[in-house]
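For reference, the structure is listed below as structure tokens.
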Amino acid sequence: MLIPRYWSRAESQAVTPAGKPVRFHVWRGSRSSPAEAQSLAQEAVGRVAARISAGEGFPERYTYGDRPLREEVVREFFATGSPDVPDAAITRNSYGALVLNAARAFFIDVDVPAADAQPASRPATPPTTSHPLWGLVDALPVPPGLKSIADTVLGPRTPAPAAPPAAAPGGWTPGDPPTAPLARLRNWIASHPDWRVRVYRTHSGMRYLVTHAPFSPTDAEVQATMTALGADPQYIRLCQVQKSFRARLTPKPWRVDTENPPVTFPYETGADEQSMREWERRYDAASGGRATCLFVEELGSGVEHPDIAPLRALHDEQTRATSGLPLA
């Protein structure tokens, strides 16, 4: 699993063939030491400077899925007998949410097209075919001998239709996950009956956790499975680069009415880190009553592998997957 523990920044300046000075910096990470991270950063600075001087631009500019993400490691988990190689790690991503990175626990996140989801909101008061003056007439006093002024003036009231079920955060009616991703998954399970897959609903899609066996993110079978089940291509690429699967454990801050973090990692001063810790306290308080995903069902006849069970339990606890709380 390629999750750097140490990061270092190096900066320099180069001049383009047109004579324009360009100042730039790069970050590089290492699992071994800060010194190695600094050495890698200095090497990268030299390569970038040479390309700028030759008029070749910034070939090492970061894009999602291009290299390991620059995230703070919050906690690492080690498999029995492998104290130096983490089996999983919790990191904090660029917008402050906690993410589980797993070397062998096969997570798949699938976004759902809007057409496959239920409406995200429904009218607070169901529509009615009654006369528009009902509200005014209902407020008038009823003279003796009349059952209702409304019945006399406007005719019988047309009953309003029953209110539709409330929509859950994320867009689906409670208990009714989107159909297209589940149809793909059920077809997959039909041809792989010895698999075991836990199904979760997320704010904007579905999440699957394959529990019957450990997998490697770089295996061709894994990449083919993710493609077949509708995983985002950038997510597939990132899993290959970091050699780990990813599952967000806590809500995106804007879904719990919290601003984005005030600083980015690595923190360059003590004041930056303190500012981040204060933000984390606000974020944790705001997200305390929300779930990141909700467990739906398990598919397949396979048995949960003992190496996957602890991470499944950790994931379900951290995401509040069985809490019934609103999704965020």
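Rolling a 1.4 angstrom probe over the protein heavy atoms with all chains in place gives segment 189-273 an accessible area of 40 Å² per residue.
Sorting the Cα pairs of segment 193-328 by distance into bins of 5 Å, from 0 upward, gives 2, 9, 15, 17, 19, 16, 11, 7, 3, 1, 0 percent per bin. Surface composition of segment 171-328: carbon and sulfur make up 50 percent of the accessible area, probe 1.4 Å. With a ≥ b ≥ c taken as the square roots of the eigenvalues of the C-alpha gyration tensor of segment 1-60, please select rounded if a/c is under 1.5 and otherwise prolate if a/b is larger than b/c or oblate if it is not? Prolate shape, in that a/c is at least 1.5 and a/b is the bigger ratio. For segment 208-310, the list of GluC sites (Glu not before Pro) that fall in a loop by DSSP and count at most 16 other C-beta atoms within 10 angstrom reads Glu259, Glu268, Glu304. State whether segment 289-328 is rounded, prolate or oblate according to the following rule on the C-alpha gyration tensor (a ≥ b ≥ c being the square roots of its eigenvalues): a/c under 1.5 gives rounded; otherwise a/b larger than b/c gives prolate, and the remaining case gives oblate. Judged from the Cα gyration tensor, segment 289-328 comes out oblate (a/c at least 1.5, b/c at or above a/b). Distance from the Cα centroid of segment 4-21 to that of segment 238-302 is 30 Å (rounded to whole angstrom). For segment 1-55, the per residue solvent-accessible surface stands at 53 Å², with DNA, RNA and ligands left out and a 1.4 Å probe. With an 8 Å cut-off on Cα pairs and a minimum separation of 6 or more residues, tell me the relative contact order of segment 185-224 in percent. Worked out over segment 185-224, it gives 27 percent.
The values are calculated or read from the model by the stated rules, or taken from the named source; none is laboratory data. The shown structure was predicted, so the numbers you read here are calculated from the model rather than taken from an experiment. Cβ: placed from backbone, ideal geometry, glycine included. Neighbour counts: every protein chain shown. Remember, those area values only see protein heavy atoms, side chains included, never the ligands or the DNA or RNA. Shrake-Rupley method; radii C 1.70, N 1.55, O 1.52, S 1.80 Å.
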